[in-house]
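Here the structure is laid out as structure tokens; the discussion comes afterwards.
The values are calculated or read from the model by the stated rules, or taken from the named source; none is laboratory data. Since the model is a prediction, treat every value here as computed from it, not as a measurement. Note that we place each Cβ from the backbone using ideal geometry, even for glycine, and neighbour counts take in every protein chain shown.
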């Protein structure tokens with residue numbers, strides 16, 4: 001038996017779950033446009049442990065969504081996960097954010113393109129088949145009317161994630177299917193983190209860093225005149 005705490009903070013959704021052998025036994029999440037993860041995350045962890053009727057000391061591993069996504073959100077989630085891994089001497093597992101997002105839907109034909117907003121017309125995206133095997137690796141790209149044509153010409157393409165909203169008016173191919181209100185969640189993380197646990201696919205707690213994909217550029221403070 002493996003009890004795993006899953007933490008997802010890469011987007012507007014602050015999401016925490018506890019799973020037993022990959023099956024969710026407690027879940028708490030909130031989509032907040034204000035990105036209040038710093039305030040919500042630890043209370044959510046307390047709530048799911050209470051709901052699951054377990055102590056943090058009973059957790060066999062902690063899993064965190066590794067990115068890409070919000071720089072600040074990823075830092076918050078990874079810092080919390082590392083703290084728990086150190087405190088309880090348990091393994092740290094990282095989960096591909098875009099793959100867990102893709103797994104929030106089920107489909108038989110075509111592909112799913114999960115994408116996260118990367119400001120302006122840029123997105124982080126990856127392409128998966130119906131078995132959620134990676135067809136195209138994660139990229140940061142600027143969306144235009146020719147984006148993803150090779151997949152659209154072959155069959156149905158399911159677009160989801162907050163980055164997909166940018167595509168609706170630009171990508172008008174008849175094979176394009178847009179699915180609203182989907183965010184990465186600790187719900188879909190459960191199966192992925194358990195699989196990694198079984199494979200003994202763990203991170204080095206001391207050196208693990210989120211997968212930002214692009215370097216973080218802070219806004220420079222304007223000089224006062």
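Here are the numbers for this structure:
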item: Verdict on residue 87 being farther than 27 Å from residue 29 by Cα and either touching a residue at least 40 places away in the same chain (Cβ under 8 Å) or surrounded by fewer than 15 Cβ atoms within 10 Å (Cβ to Cβ) (or both); result: no
item: Set 74, 116: member being assigned to a helix (DSSP H, G or I) and either under 11 Å from the mean Cα position of the chain (by Cα) or assigned by TED's automatic domain parsing to the domain that holds residue 171 (or both); result: 74
item: Subset of the stretch 175-194 that is closer than 17 Å to residue 8 by Cα and out of contact with any helix residue (DSSP H, G or I) (no Cβ under 8 Å at 6 or more places or on another chain) - its residue that is surrounded by the fewest Cβ atoms within 10 Å (Cβ to Cβ); result: 181
item: Top-ranked residue of the stretch 52-84 - restricted to ones that are farther than 15 Å from residue 4 by Cβ and without any contact (Cβ under 8 Å) to a residue 40 or more places away in the chain, ranked as surrounded by the most Cβ atoms within 10 Å (Cβ to Cβ); result: 79
item: For residue 157: the one exception among (1) under 27 Å from residue 32 (Cα atoms); (2) touching a residue at least 12 places away in the same chain (Cβ under 8 Å); result: (1)
item: Subset tally (residues that are at pLDDT 95 or above, outside any loop (DSSP other than H, G, I, E, B) and farther than 21 Å from residue 109 by Cβ) for the stretch 147-202; result: 12
item: Matching residues, the stretch 119-132, being buried (at least 16 other Cβ atoms within 10 Å of the Cβ) and in contact (Cβ under 8 Å) with a residue 40 or more places away in the chain; result: 123, 124
item: Residue list for the stretch 77-106, filter: assigned to a helix (DSSP H, G or I) and more than 10 Å from the chain's Cα centre (by Cα); result: 77, 78, 79, 80, 81, 82, 83, 84, 85, 86, 87, 88
item: Failed item in (1) exposed (fewer than 14 other Cβ atoms within 10 Å of the Cβ); (2) more than 17 Å from the chain's Cα centre (by Cα), with residue 49 passing the rest; result: (1)
item: Leading residue by the ranking (nearest to the chain's Cα centre (by Cα)) among those in the stretch 133-151 that are under 20 Å from residue 103 (Cα atoms) and crowded, with 16+ Cβ neighbours inside 10 Å; result: 138
